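K.L.:
Pasting in a structure now, in structure tokens, and then I'll have a few things to ask.
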Amino acid sequence: MTVKHVRIADQVVEALQDWFRASELLPGMRLPPERELAARFGVSRTSVRDALGRLELLGYLDIRQGDGTYVRRPDGETVSQPFRHLVNSLPDNAADLLEFRCMLEPEVAAMAALRLTPVGRKALLDSLERQQTLLDHSTRLSREDVLFHKTLAQISGNTVVLRVLETLQSLMRDVHTVVLPVASAQATLEEHQRIIQAVLAQDRDGARQAMTAHLKGVTEAYLHATLSRCP
């Protein structure tokens, strides 16, 4: 397998990610040396080194000097750490995160409607069923809420969006603790159900609108809770 000599490092990144997705390289496994990778992809060691550095920044690799390069799976918790203090120290940043979520997730829902597969359809129906059984268990329902939004991102088929959403969800953990006591679990379930119905119908505009309405409610609940705490 070789890659084109156009934007070589980018092509190597894509080739390695394809390798990861094919499950030939799993978390914890050690990558072949740079010279072997260069020969495999038909590029220079410099291009390989550049690609490995980019993948390390994205959280896919752990480069250990004198030991080797190991595959890892990036997670939102790891990626969000540099931003957590900023969010916690400035409450207005939480509102900015909610605003960013309102920009991002309606389009994620629309893309999920466009790219829905039988596997994605089953995942959404399973998620809805779990949410319905957890209405009286707020903590577990909150975890299922996070998984629901992650499922939509997975169905959208965009790896970058999925990683951004995971990072966003990690940063939003403290916001969830504020919203959860004042939000209506039944109302949230109904909003999720409308999103799911639109995605299952592959109605992009409907999915976008349903997600926008849902996140508007989350934002209002957060603002109500934080203003109520003001002296």
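The values are calculated or read from the model by the stated rules, or taken from the named source; none is laboratory data. Here the structure is a predicted model, which means the values were calculated and not measured. Glycine also receives a Cβ, built like all others from the backbone with ideal geometry; neighbour counts cover every protein chain displayed. Areas reflect the complete protein model, heavy atoms only, side chains present, ligands, DNA and RNA absent. Shrake-Rupley method; radii C 1.70, N 1.55, O 1.52, S 1.80 Å.
K.L.:
For region 108-121, enumerate the residues that are in a helix (DSSP H, G or I) and surrounded by fewer than 17 Cβ atoms within 10 Å (Cβ to Cβ).
P.N.:
The answer is Leu114, Pro118, Val119, Arg121.
K.L.:
Another question, if that's okay. Which condition does Arg130 not pass, out of (1) over 21 Å from Leu58 (Cα atoms); (2) at pLDDT below 90, if it passes all the others?
P.N.:
(2)
K.L.:
Is region 159-180 home to any residue that is modelled with pLDDT of 90 or more, under 30 Å from Asp18 (Cβ atoms) and in a helix (DSSP H, G or I)?
P.N.:
no
K.L.:
OK, next. If you take the residues of region 122-141 that are touching a helix residue (DSSP H, G or I) at 6+ places or on another chain (Cβ under 6 Å) and open to solvent by 30 Å² or more (accessible area, probe 1.4 Å), which of them is farthest from Ser184 (Cα to Cα)?
P.N.:
If we take residues in region 122-141 being touching a helix residue (DSSP H, G or I) at 6+ places or on another chain (Cβ under 6 Å) and open to solvent by 30 Å² or more (accessible area, probe 1.4 Å), then Ala123 is farthest from Ser184 (Cα to Cα).
K.L.:
Out of (1) open to solvent by 20 Å² or more (accessible area, probe 1.4 Å); (2) of a type outside the set (S, T, N, Q); (3) within 23 Å of Thr219 (Cα to Cα), the odd one out for Val160 is which?
P.N.:
(3)
K.L.:
Something else: Failed condition for Glu144, given (1) out of contact with any Lys or Arg (no Cβ under 6 Å at 6 or more places or on another chain); (2) within 23 Å of Ala95 (Cα to Cα); (3) assigned to a helix (DSSP H, G or I); (4) modelled with pLDDT under 90, with all others met?
P.N.:
So the condition that Glu144 fails would be (1).
K.L.:
Same structure, new question: Regarding region 69-83, can at least one residue be identified that is among the charged types (D, E, K, R), modelled with pLDDT of 90 or more and assigned to a helix (DSSP H, G or I)?
P.N.:
There is no residue in region 69-83 that is among the charged types (D, E, K, R), modelled with pLDDT of 90 or more and assigned to a helix (DSSP H, G or I).
K.L.:
Do we find a residue being within 24 Å of Leu97 (Cβ to Cβ), open to solvent by less than 70 Å² (accessible area, probe 1.4 Å) and at pLDDT 95 or above anywhere in region 181-190?
P.N.:
Looking through region 181-190, none of the residues is within 24 Å of Leu97 (Cβ to Cβ), open to solvent by less than 70 Å² (accessible area, probe 1.4 Å) and at pLDDT 95 or above.
K.L.:
Which residues, counting only those in region 11-43, are small (Gly, Ala, Ser) and either open to solvent by 60 Å² or more (accessible area, probe 1.4 Å) or modelled with pLDDT under 90 (or both)?
P.N.:
Ala15, Ala22, Ser23, Gly28, Ala39
K.L.:
Restricted to region 197-215, and to residues that are under 19 Å from Glu129 (Cβ atoms) and among the aliphatic types (A, V, I, L, M), which residue is surrounded by the fewest Cβ atoms within 10 Å (Cβ to Cβ)?
P.N.:
My answer is Ala201.
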